[in-house]
Amino acid sequence: MAGNERIDLEAEVERVRGELLLFRDSILPVFYRPGGINPERADADADASRNPLARMIHRQRDWQRAATRLIEALPDSAGRGIAPGLDLATFEPFMYQPAKASFSVRGGRIVWRVMLFLDWDMAAGDTLYRMGVEDDGEAVEVLLSDLPRLRRWLLGLPVDDALLWNALCLVAPIVADADPGLAMYLLDPETYRRRVLSDRRITAEERTGRLEEIDGHFLRILNNALLHALGGLANNHFDEMPGLLGHPALLMSGYTELMPHYLFAVLFEKVSILLGLVRESTVPELP
């Protein structure tokens, strides 16, 4: 089972159960609060007679019912009540795109790597190239081997430079999975405000322009980066997610509409893999 190391399946099932409950009961209501996900775009087939608030509540309940179905599909560690498998078609309305899922085992616990949209090695490789750092094909490991170097490079880029915008989105899931505290720091607009205010190399006009950028278009960049950071946190630090739910850019643009899809896709993969592991562990050995 996952090499020679035994997995504590009971602990893993309970951990994912807790993540699904957090998603259903605490995170979804944040996305669907007033000013959040646009119900017209998020639920184009909704009854036109409903007002926007009613449509939002209706859509939130659809998501919560889907999360409940995943909770109900979770097995117990003894293999009792194992679902025959998850029907992807049933959950398709909640899956924006398929995920690429794998895992390793450390100390009897699963270390998840569920990637959405961005392949982490490609994202890390592209970032290292732009940093002028060579890698040996293990781009994620090289990037994570010196996070202070990555931090210095990112914070040395102007906030009105597309290089910073793209880099933040590329590294957000990788850094969030490796160091949630650093991810929150790099996605905090106040981090960049302090840098601009203390930068003596720029003119007063440049300073004014960059401060305006932080309160304008840059928040939409951070909204995009948050989407990828939440997908990264959903792997092994789901309980850290509430720390980003009050972010000023969380509900700013259309990327917010993808956030529940990203989180649900990671949770779906976890439940699917756990079902397979429990089923495999309960198959009697041949004499």
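The values are calculated or read from the model by the stated rules, or taken from the named source; none is laboratory data. Here the structure is a predicted model, which means the values were calculated and not measured. In this analysis, Cβ positions are derived from the backbone assuming ideal geometry, glycine residues included, and neighbour counts consider all displayed protein chains. Just so you know, the surface numbers come from the protein's heavy atoms only, side chains and all, with ligands and any DNA or RNA stripped out. Shrake-Rupley method; radii C 1.70, N 1.55, O 1.52, S 1.80 Å.
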The chain - percent of accessible surface contributed by carbon and sulfur, probe 1.4 Å: 50
Normalised convex hull volume, the chain, alpha-carbon set, Å³ per residue: 141
With at most 12 other Cβ atoms within 10 Å, longest stretch of the chain clear of loop GluC sites (Glu not before Pro) (DSSP): 135-284
Given the chain, longest segment not containing exposed loop trypsin sites (Lys or Arg not before Pro) (DSSP; at most 11 other Cβ within 10 Å): 81-199
Cα Rg, Dmax, region 168-265, angstrom units: 14.2, 46
Residue-averaged [θ]222 nm for the chain, counting only DSSP H segments that reach four residues, each worth -39500 (n - 2.57): -17500 deg cm²/dmol
Degrees separating the helix 9-22 axis from the principal Cα axis of the chain, which is the longest one: 50
Selection from Ala265, Phe117, Leu244 lying farthest towards where the dipole of the chain points positive, charges on Cβ: Leu244
Derived scalar couplings ³J(HN,Hα) [region 249-257; Karplus, 6.51 cos²θ - 1.76 cosθ + 1.60; whole Hz; x for Gly, Pro]: 9, 4, 9, 7, 8, x, 5, 4, 5
Student exercise, region 9-282 dipole from Lys, Arg, Asp, Glu Cβ charges, in Debye to nearest 20: 600
